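Rule-based calculations on the coordinates, nothing more; no lab input. Predicted, not measured: the structure shown is a model, and the values here were computed from it. Don't worry about glycine lacking a Cβ; one is built from the backbone with ideal geometry, like all the others, and counts go over all protein chains shown.
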Amino acid sequence: MKQSPAAIDIIGNTFYLTNGERQLLLGAIVGQGIFFAGNNHAPITVVASPEEHKLITTKPQELLQNEQEKIALKNI
């Protein structure tokens, strides 16, 4: 997935990334990365379903909204 420019050399050397793969990681947005299958590397985009997103989000506004929805459902 997306990587810090400060860490890209370490990651690139550890995983034997090409210059193109390093650039892909530096320019990646949330959910984009490289999938390793044996000696093959393929760019991927991971998209969470709405249910998965609710479980994994760490954004304070979304967490507050999720809690408010739970409270509203209890009051029905």
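Here are the numbers for this structure:
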read-out	value
Neighbour-count ranking [beta-carbon atoms within 10 angstrom, fewest first] of His53, His41	His53, His41
For the chain, calculated [θ]222 nm from helices alone, where every DSSP H run of n ≥ 4 adds -39500 (n - 2.57)	-14500 deg cm²/dmol
Phi to ³J(HN,Hα) by Karplus 6.51 cos²θ - 1.76 cosθ + 1.60 over the range 50-63, Hz, x for Gly, Pro	x, 5, 5, 4, 4, 6, 10, 5, 10, 6, x, 5, 5, 5
Exposure proxy ranking, count of Cβ atoms within 10 Å, fewest first, for Thr57, Thr18	Thr18, Thr57
For Lys2, distant residues with modelled amide H under 5 Å away	Gly31, Gln32
Most mobile of Gln61, Gln32, Gln23 in a GNM of the chain (Cα contacts under 10 Å)	Gln61
Ascending count of other beta-carbon atoms within 10 Å, so fewest first, for Phe35, Phe15	Phe35, Phe15
Efficiency of FRET from Cβ geometry, Glu62 and Ala37, R₀ 35 Å, rounded to 0.05	0.60
